[in-house]
Amino acid sequence: MKKTNIIIIDDHQLFREGVKRILDFEANFEVIAEGDDGSQALGLVEQHQPDVVIMDINMPTLNGVEATGQLVARFPETKVIILSIHDDENYVSHALKTGAQGYLLKEMDAEQLVEAVKVVADGGSYLHPKVTHNLVKEYRRLASSNQGTLKKEVEVRRPLHLLTRRECEVLQLLADGKSNRSIGEILFISEKTVKNHVSNILTKMNVNDRTQAVVVSIKNGWVEVK
């Protein structure tokens with residue numbers, strides 16, 4: 001199996017080393033270069049042609065969003081995952097509009113980092129669960145506002161024609177911004193079982209990633225936005 005080549009750009013060396021250590025545990029990942037500012041990213045990408053760039057959003061000379069815009073323009077095949085401490089939808093929307101395929105909060109766990117790289121490398125998009133939840137709430141607020149009401153009670157119709165009851169429970173928890181680990185703890189099942197449920201949900205809904213699954217579910221009234 002072809003390895004996913006990764007470049008890490010972050011001005012905090014200790015954090016960068018931690019990310020690299022997590023990724024090095026994955027047999028199909030290889031961190032091929034590192035940098036400490038967005039201004040280095042273009043040269044490193046041109047030299048190494050990575051599959052994925054993991055990019056800090058806040059850096060002193062050239063921030064991650066500006067660097068992402070330049071990378072996407074020059075190297076459209078390279079996928080970018082933004083690392084950030086900000087979960088505000090304005091930061092997220094700006095990063096995604098600039099061309100990032102992923103957005104992770106620095107409070108992420110190792111599982112979320114690995115999953116994000118896998119999803120983005122395969123052509124999907126990945127948002128940190130907390131970010132997904134905030135975006136979903138903002139989507140619902142704007143939708144309600146466009147309909148002339150600040151608050152609208154929406155009847156939740158679980159997609160039992162498509163998913164099992166357990167998968168519906170998992171889907172709701174995805175919309176609540178829960179990680180696989182948290183879902184397992186809430187439902188008293190293993191993380192492996194949660195991953196299987198999520199995989200089945202994506203297949204049945206014909207979407208590429210959990211973010212798309214949540215957005216489709218919101219549009220169809222299949223989940224409650226709290």
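Computed from the coordinates by the stated procedures, all read-outs in this text should not be read as laboratory data. Since the structure is predicted, the reported quantities are computational estimates derived from the model, not experimental observations. Note that each Cβ is placed from the backbone with ideal geometry, even for glycine, and that neighbours are counted across all protein chains shown.
Remarks
- Two-decimal ratio, the stretch 4-132, of alpha-carbon radius of gyration to 2.2 N^0.38 Å: 0.91
- Once the Cβ-Cβ distance of HIS94 and GLU30 is raised to the sixth power relative to R0 = 25 Å, the FRET efficiency obtained is 0.25.
- Check: the stretch 165-220 dipole with +1 on Lys, Arg Cβ and -1 on Asp, Glu Cβ, in debye: 100 debye
- A simple spin-label model places the labels of SER182 and LYS118 2.0 nm from each other, with each point 7 Å out along Cα-to-Cβ.
- Distance from the stretch 38-90 to the stretch 181-226 (C-alpha centre basis), Å: 28 Å
- Nearest-0.05 FRET efficiency for LEU160 and ASN206, computed from C-beta distance (R0 25 Å): 0.90
- Rounded to the nearest 20, the size of the Cβ-charge dipole of the chain about its Cα centre is 1180 debye, with Lys and Arg at +1 and Asp and Glu at -1.
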